[in-house]
Amino acid sequence: MDTQARPLYSRHPQLVITSPDAPLASRNRASECVHTFCCGSPLTYYIIDASGALTKQKLGPPTADGTQPLLIVDSSEYKGAWLEEGEYCLLTEVRRVL
């Protein structure tokens, strides 16, 4: 099979446990990252794009307030996450392997 003909992806399950002192912060690697909510409490993402604009997005079960079960973060963006309420959030990250 020719693996050069199609992109490969890696999947990373993550369990986020609440702590008032420990927000998660990271920069995406060389490819976009797809975050998928699995269970637990919603996780709030703060995303800074290449122009410096800040956006806020909640990852969780779909609700009327805009919470979504899927979030795509571009490789040029910085992200931080905060579990504002609840005890945990289980999510997966899928990244394209370059």
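Brief remarks on what is shown
- Residue satisfying all of: in segment 33-66; assigned to a loop (DSSP other than H, G, I, E, B) and charged (D, E, K, R); nearest to R96 (Cα to Cα) among these: D49
- Residues of segment 48-98 satisfying the condition of being in contact with a strand residue (DSSP E or B) (Cβ under 9 Å, 6 or more places away or on another chain) and acidic (D, E): D49, D65, D74, E77, E84, E87, E93
- Candidate set: segment 84-98, residues that are over 20 Å from G40 (Cβ atoms) and part of a strand (DSSP E or B); chosen: the one nearest to the chain's Cα centre (by Cα): R95
- Close pairs from segment 62-83: first within 14 Å of Y46 (Cα to Cα), partner small (G, A, S) and surrounded by 13 or more Cβ atoms within 10 Å (Cβ to Cβ), Cβ under 6 Å, at least 6 apart: T67/G60
- In this structure, Y78 does not qualify as surrounded by 12 or more Cβ atoms within 10 Å (Cβ to Cβ) and at pLDDT 90 or above.
The values are calculated or read from the model by the stated rules, or taken from the named source; none is laboratory data. Computed from a predicted structure; not experimentally measured. FYI the Cβ positions are ideal-geometry reconstructions off the backbone, even for glycines, and counts take in every protein chain you see.
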